[in-house]
Structure formats: C-alpha cells, structure tokens
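Just below is one structure, and these are the notes that go with it.
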Amino acid sequence: MKKLIFASALFFGCEKATVPDQTTASEDVSYHYHVQPFIEMYCISCHNAGTASAELYDYDHVAATAASGELVGCLTGNPNYIPMPPSNSNQPNTFQIDQIEKWVEAGYPNN
Ligand code: HEC
C-alpha cells in the first residue's frame, strides 16, 4: 500500500503540462491552461529563450506577440506573417488555434 501511494505521488509529481484534448474552443480563456501548454507542445522547441525570431518562453513574450498580431497572424495563415508552426512540424488542430484566438481577443489575460 505504501508503495502504491509513493508511486502515484511520483506519477503526479512528474506529470507534464498537456494541451487539453479539445473538440471545441472553450469560451473561458486561460494562459496557464490553454496557451502555455499549446506553446510548449507546438512552439517552444524552436522559440525558447535566446531564439532570434520570437522568444515564447514566458507570459510577457507570448503577450508581446499577441499584442503585435503576430501570434494569431502566423497561426491563421494571414499572408503578412510567416505560417507557424512550419509545415514539417507537429500541427495543432483548428480548435486549439481558435482557443488561442479567443485568448488574444479577450485581451490576452495572464490567468
Ligand atoms: C521547427 C521550428 C519552429 C517551430 C516548431 C515554430 N517556429 Fe516560429 N519560427 C521559426 C523560425 C525559423 C522563424 C523565423 C522565420 C524567418 O524569419 O524566416 C520563426 C518565426 C516566428 C515568428 C515571427 C514570424 C513573423 O511573421 O515575423 C513567430 C511569431 C513565430 N515563429 C511563432 C511561432 C508559434 C506561435 C509557434 C507554435 C505554434 C511556432 N512559431 C513554431 C521556427 C519554428
């Protein structure tokens, strides 16, 4: 029994942030619940601290790309921006992209 408790503590302790498995975008928007896991899964491998193009490793940097229009622009095929993630990378689904747009439209809250 003791072993089991220890094992589950270990499991939860190491649990990684995952993008919610969405089939529809939620009206509630959350940086920590929706945006950060999305960035970690689809963007951070190329956009960590020290990246020349766009650093997306914390709220302030992600919010800056939201404010400039780059974040939504590059996710939604706006011709003024370079499409992201690049086509040979793991692609988010349209609901996940909708969720990022909703967060930006809501004023990109740090919540
Ligand atoms: C495989 C690596 C890779 C991944 C994954 C990736 N990017 Fe990029 N990103 C780049 C590179 C390289 C550039 C610079 C492109 C250039 O200047 O030609 C770039 C540029 C950008 C820019 C500046 C674009 C512009 O139009 O000026 C933004 C914003 C951006 N990425 C956001 C994202 C977001 C958001 C994600 C995740 C959904 C993402 N990237 C995923 C490699 C990546």
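Contact map, the stretch 58-76: first residue outside any helix (DSSP H, G or I), second residue among the aliphatic types (A, V, I, L, M) and surrounded by fewer than 19 Cβ atoms within 10 Å (Cβ to Cβ), Cβ cut-off under 8 Å, separation 6 or more or different chains; pairs are Thr76/Ile97.
When the residues of the stretch 79-111 are narrowed to those that are over 16 Å from the mean Cα position of the chain (by Cα) and within 9 Å of the ligand (Cβ to nearest atom), which ends up surrounded by the fewest Cβ atoms within 10 Å (Cβ to Cβ)? Per the stated criteria, the residue is Asn88.
Just one of the numbered conditions (1) modelled with pLDDT of 95 or more; (2) near the ligand (Cβ under 6 Å from one of its atoms); (3) assigned to a loop (DSSP other than H, G, I, E, B); (4) hydrophobic (A, V, I, L, M, F, W, C) is not true of Ala54: (1). Quick check: anything in the stretch 100-111 of a type in the set (Phe, Trp, Tyr), assigned to a helix (DSSP H, G or I) and under 16 Å from Thr18 (Cα atoms)? Scanning the stretch 100-111 turns up no residue that is of a type in the set (Phe, Trp, Tyr), assigned to a helix (DSSP H, G or I) and under 16 Å from Thr18 (Cα atoms). Here Val19 fits the description: modelled with pLDDT under 95, within 16 Å of the ligand (Cβ to nearest atom), within 14 Å of Gln96 (Cβ to Cβ) and surrounded by 14 or more Cβ atoms within 10 Å (Cβ to Cβ).
Across the stretch 26-46, a minimum of one residue is classified as loosely packed, with under 13 Cβ neighbours inside 10 Å and of a type in the set (Gly, Ala, Ser).
The values are calculated or read from the model by the stated rules, or taken from the named source; none is laboratory data. These numbers come from a predicted model, not from an experiment. Don't worry about glycine lacking a Cβ; one is built from the backbone with ideal geometry, like all the others, and counts go over all protein chains shown.
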